[in-house]
Amino acid sequence: MQPLVGFPCEDGAGVFVCWRALLAVAAIPLLCTPFGCRSAPHRAPLKGADVVLVVIDTLRSDHLGLHGYALPTSPFLDRLASESAVFTDVVAPSSYTRESIAGLFSGQWPSCVGAVGWDASPRKASVTLAERLRASGYATTMLTLTTMLSDGGFARGFDRVEHLTSEWGVSRAGAALTRRALEVWNEPRGKPLFLYVHYLDPHGPYDPPPEKLARFAPASSVVLDLYRDIRPRLPELVAEGFGPEDPRFRELVRRYDAEIADTDAAVQQLTAGLRARPSQRPLLVVITADHGEEFLDHGFVEHAWTLYEESVRIPLLWWSPGYIPATRSSQPASLVDVAPTLLALLGLDSPRVLSEATGQALFQASNAGVTIANLGSRVRFAELAIAERNVARAVWFDGWKYVVARRWLDVDERARSSRIEEQLRQQGRVAPPPPAVVVREELFHLPSDPEEQRSLFASAPEVLPRLRAFLAEHERRCPLVQPLSERPVTLAPHESEALRQLGY
């Protein structure tokens, strides 16, 4: 029996064209789907398994103990990681929730399914993970603490969608979300379950429970609000000394870390409840994030402003004892790989066959069991298309990261943009992205400069042609900028208020 693989359908120009791979290996039958390419027939080590997909909003991986963080933010996840397959090189397809989750649900880069801008969501032309699982006999439920996913595109394929709060930026609600998830988990059912659980913390405004905050020191008597006090005033705050040595800055990070700890406890309760119910089915739990968060790493705060590593580098754990062995892998992964990997492990084929694919299966199965797939020097992308902020794309390949911004705001301009965003939200209108004019290019060699402090754009031109070709082909296949002739998007009143309260 042929092994299950995530076939790297990539030619020399970085185009994921499965038919060329088929011609090269005509003796091996391959299936290319919207969720990737794999050999067929295939093994399905988790066929019929219950699947719980957990997204922790705004969680940058380097603030977790399992990724080397020194503070006690994640004692449970650190222990769970010892029983899981942990991917250490994972990037989100965007630093904005809607774009990134569209990539998670579709298994494609956001722009490939039309999910760009403030109102991004997977368009009907794509098949979402929930749709595929429901069509295969799964009961499907989405539970969230963020109505950023209230658009119908995200609900497609779910039998039940519950947003547990109408408030935006709500903190300390992780335990309530866990309780509801376990209620769903313990309901009688004759089908396997796909349960999507989206925690909002550690998203701003960072208001953790006092007992979690007490884990972290030092405390500050001055607490600045991320949206009201910091974003619109950041240049003057920095001029006053706001930074790593400032108690006000340390308090900001302290509160973020404490919210991670609070969510870590909620996920611990969730996992304990999942384990407590006996089941005849295997159980697979996937834990990840939609994007990271900035803390002056490149001069600003929050997220959905840039595509630097702190904004897009995220955790990814696959927990299924007895089926997926505990291991750590540095294979290059992306959030868009989650959907094709799940379908591969469950032994499900997509009903649609495409000539191009994006996400890849992260595991391969054989008679020897499940192992990490060899993804080689694959190409990965991230993109951001918020007209009032920055419009940019990034490409990772073979240790290099190339970033092109068509619209780029410096720190002063971002502070001004933060002040006018509320006016835009009140008007309920968002302008389309600007024309496709490159205004900024950066090139980083991540093995030698993981914090992206030295752009080598001027000194390493020999790698640029290939990286530019990757992005040019990606732009041809999946345009990032919508036509300027399109009318600006009109947001519903609840969406406008929600974005305002979130600080967007």
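The values are calculated or read from the model by the stated rules, or taken from the named source; none is laboratory data. Just so you know, these numbers come straight off a predicted model, no measurement behind them. With ideal geometry, Cβ positions are generated from the backbone for all residues, glycine too; neighbour counts draw on all protein chains shown.
A few notes on this one:
- Restricting the stretch 99-140 to residues that are over 27 Å from A49 (Cα atoms) and in a helix (DSSP H, G or I), the residue that is nearest to the chain's Cα centre (by Cα) is E99.
- Flag if L195 is crowded, with 16+ Cβ neighbours inside 10 Å, out of contact with any strand residue (DSSP E or B) (no Cβ under 8 Å at 6 or more places or on another chain) and of a type outside the set (S, T, N, Q): no
- Here the stretch 339-389 is the region considered, the condition is being among the charged types (D, E, K, R) and modelled with pLDDT under 85, and the residue that is surrounded by the most Cβ atoms within 10 Å (Cβ to Cβ) is E388.
- Residue list for the stretch 358-396, filter: in a strand (DSSP E or B), under 18 Å from A102 (Cα atoms) and of a type in the set (A, V, I, L, M, F, W, C): F381, A382, L384, A385, V391, A392, A394
- Residue selected from the stretch 287-316 under the condition under 24 Å from L129 (Cα atoms) and in contact with a helix residue (DSSP H, G or I) (Cβ under 6 Å, 6 or more places away or on another chain), by the criterion surrounded by the fewest Cβ atoms within 10 Å (Cβ to Cβ): R313
- Residue within the stretch 171-192 that is of a type outside the set (G, A, S) and closer than 24 Å to D297 by Cα present: no
- Of all residues making up the stretch 448-474, the number that are part of a loop (DSSP other than H, G, I, E, B), touching a residue at least 12 places away in the same chain (Cβ under 8 Å) and farther than 19 Å from H298 by Cβ: 1
- The set of residues in the stretch 40-97 that are more than 16 Å from the chain's Cα centre (by Cα) and of a type in the set (S, T, N, Q) comprises T73, S74, S82, S84.
- Verdict on F216 being in a loop (DSSP other than H, G, I, E, B), among the aromatic types (F, W, Y) and surrounded by 20 or more Cβ atoms within 10 Å (Cβ to Cβ): yes
- Matching option when the condition is in the same structural domain as L274 (by TED's automatic domain parsing), in contact (Cβ under 8 Å) with a residue 60 or more places away in the chain and within 30 Å of G399 (Cβ to Cβ), among S84, S136: S84
- Boolean, R79 is buried (at least 20 other Cβ atoms within 10 Å of the Cβ), modelled with pLDDT of 50 or more and in the same structural domain as S171 (by TED's automatic domain parsing): no
- Residue match in the stretch 185-198 (condition: farther than 23 Å from T271 by Cα and out of contact with any Gly (no Cβ under 7 Å at 6 or more places or on another chain)): no
- Members of the stretch 158-206 found to be of a type outside the set (K, R), within 23 Å of S106 (Cα to Cα) and without any contact (Cβ under 8 Å) to a residue 40 or more places away in the chain, listed by number: F158, D159, V161, E162, H163
- Annotation: of all residues in the stretch 276-294 being at pLDDT 95 or above and not in a loop (DSSP other than H, G, I, E, B), the one that is farthest from F194 (Cα to Cα) is E294.
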